[in-house]
Amino acid sequence: MPYLENKALDKVLNKGEDWIQRNLPFCIYRKPNSDKVQGVFQNTDELHKTEKFKEEGFVFAPFDLSKGAILIQPDERIESTHILEEQKVVSTIPQSEEGKLFHINLVCKGLEVIKSGEIQKVVLSRKIDVQTKRQPIELFTSLLNSYSNAFCYLFFHPKIGLWCGATPETLVSIKQRKLTTVSLAGTLPIIDNSVPYWEKKELEEQGVVTSFIQEKLRPYLKKIHSGALETVRAGKLWHLKTPLTGELLPDASVVSVVRALHPTPAVCGLPVNKATAFILENEGYDRTFYTGFLGELNLEGKKEVSLFVNLRCMQLEGGNARIFVGGGITAESIPEKEWEETQNKSRTMLNML
């Protein structure tokens, strides 16, 4: 099996495969721009959830946080060094036009609500089901080698399912009371490696997300510092990114910060409650853990977390892979172009299959 050729990874990958065979929960992952692959393994199949975010472990939370965040207890933790083996994979799976009319009509519905003034922005998504013969550990290794600047993971719980992904977006990092997060919005395909020209629609969307995060975090931080707007690359796509930092107030809790940030306008919309209601009523499927979040919870110290938004992901079951893609809809959106954006985003995961 090709993933066993990288001897430095054997320890973590083989244990992950063993835990799948034994039907036991685990997550193996690598943080962005790191050479360390880590694993958190639970020794029973019990389903644990966290409400106050005070426990230690690996958290895997759904889009609808009221359904409960899953916690993998750290009964065993191991890590290995990952030696990057650059991999250029081109998908042989043709992109399908299935669901195009439904998605375009969905975007049109969203535009009607936006033009009525009820909401400013709504993030609309869809799912794509494809067949794959690749094994979970093999897929995870391909993600490691293809997306060095993303949070790559393989998550399994027998009562939840098997997920993997390579997400470019941080929800929040807290270490020694220093909070770091990002505002990430806007998406364009990479063409000949040239830096993209951002239209008014993408720039406005980025501004809305940044302002929302600043206002939500203000009660929990001494001061918020906003960095310069950047154009960043994630796989085959460009995004707009604004870094945000601050020092956590002594009485601020992790759960308060998480609930303030999730869901961000980048995955939901504004106002959050109305955008969420529109999504739940109109998208036509349950996102489950897509656009939720995942990561380390108090593993390195009390009130220390490293959480990422669950984008660029897929759910695996048998020989089927379910891929999720979406985009932010504003008054400037054009339905046909929004469909094309989801097609562009789908290539990230399709290339792995």
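The values are calculated or read from the model by the stated rules, or taken from the named source; none is laboratory data. It should be emphasised that the depicted structure is a prediction, and the values quoted were computed from it without experimental measurement. All Cβ positions, glycine included, derive from the backbone under ideal geometry; neighbour counts span all protein chains shown. Note: areas computed on protein heavy atoms with side chains; ligands, DNA, RNA excluded. Shrake-Rupley method; radii C 1.70, N 1.55, O 1.52, S 1.80 Å.
Please enumerate, by chain and number, the lysines with C-alpha under 24 Å from the C-alpha of residue 49, excluding those fewer than 8 residues away in the same chain.
Within the straight-line limit of under 24 Å, residue 49 reaches these lysines: 15, 31, 67, 159, 175, 302, 303.
In debye, nearest 20: dipole of the range 189-291 around its Cα centre with unit charges on the Cβ of K, R (+) and D, E (-)?
Numbers: 12 positive and 12 negative charges, 51 e Å.
Dipole magnitude for the range 189-291 comes out near 240 debye.
Can you work out the Karplus-derived ³J(HN,Hα) for every residue in the range 28-40? Use 6.51 cos²θ - 1.76 cosθ + 1.60 with θ = phi - 60°, whole Hz, and x for glycine or proline.
10, 7, 9, 6, x, 6, 10, 10, 10, 9, 10, x, 10
Charges only on Cβ, +1 for Lys and Arg, -1 for Asp and Glu: so what's the dipole of the range 130-185 about the Cα centre, in debye to the nearest 20? Let's see the in-between values first.
Numbers: 6 positive and 2 negative charges, 42 e Å.
Charge dipole of the range 130-185: 200 debye, to the nearest 20.
Using r as the Cβ-Cβ distance of residue 337 and residue 35, and R0 as 45 Å, what FRET efficiency do you calculate, to the nearest 0.05?
On the way: r = 38 Å, r/R0 = 0.85.
So, using R0 = 45 Å, E works out to roughly 0.75.
In µm²/s, what is D for the range 196-287 at 10 °C and 1.306 mPa s, where D = kT/(6 pi eta Rh) by Stokes-Einstein and Rh is the Kirkwood radius from Cα pairs? List each step's numbers first, then the result.
Numbers: Rh = 15.0 Å.
My calculation gives 106 µm²/s for D.
Are there GluC sites (Glu not before Pro) in the range 191-246 that DSSP marks as loop and that have at most 15 other Cβ atoms within 10 Å, and which are they?
Working: sites: 199, 202, 204, 205, 215, 230; in loops: 199.
Here the sparse-neighbourhood loop sites are 199.
Please report the relative contact order for the chain, taking Cα pairs under 8 Å with a sequence separation of at least 6, and give it as a percent rounded to a whole number. Provide the component values of the computation, followed by the final result.
Values: 749 pairs, mean separation 89.2, N = 353.
For the chain, the relative contact order is 25 percent.
With charges set only on the Cβ (+1 for Lys and Arg, -1 for Asp and Glu), what does the dipole of the chain come to about its Cα centre, in debye to the nearest 20? Intermediate values should be presented prior to the final figure.
Working: 44 positive and 44 negative charges, 129 e Å.
In debye, rounded to 20, the chain gives about 620.
Search the structure for amide H atoms under 5 Å from the amide H of residue 43, placed 1.01 Å from N in the peptide plane, and list their residues when 5 or more places away or on another chain.
The answer is 75.
Excluding ligands and nucleic acids, what accessible area in Å² is computed for residue 169 using a 1.4 Å probe, to the nearest 10?
Per-residue accessible area (residue 169): approximately 10 Å².
Starting from the amide H of residue 149, placed 1.01 Å from N in the peptide plane, find each other amide H under 5 Å away whose residue is 5 or more places distant or on another chain.
Placed amide hydrogens put 33 under 5 Å from residue 149.
Between residue 299 and residue 131, how many nm apart are label points set 7 Å from Cα along the C-beta direction?
So the two model labels end up 3.6 nm from each other.
Round to the nearest 10 and report in Å² the accessible area of residue 192, as given by a 1.4 Å probe over the protein chains' heavy atoms.
Approximately 140 Å² of residue 192 is accessible to the 1.4 Å probe.
Among 270, 352, 333, flag the residue with its Cα farthest along the positive direction of the charge dipole of the range 251-352, charges on Cβ as +1 for Lys/Arg and -1 for Asp/Glu.
It is 352.
Among rounded, prolate and oblate, which fits the range 131-195 when a ≥ b ≥ c are the square roots of the eigenvalues of its C-alpha gyration tensor, a/c under 1.5 means rounded, and a/b larger than b/c means prolate?
oblate
Taking the Cβ of residue 209 as the centre, find all other residues whose Cβ is under 12 Å away and add up their charges (Lys, Arg: +1; Asp, Glu: -1). Each step should come with its number before you reach the end.
Details: positive: 121, 216, 241; negative: 169, 202, 204, 205, 215.
That works out to -2.
log₁₀ I(q)/I(0) of the chain at q = 0.06, 0.14, 0.15 Å⁻¹, via Debye over equal Cα point scatterers, no solvent, to two decimals?
Debye intensities relative to I(0), on a log10 scale: -0.20, -1.21, -1.40.
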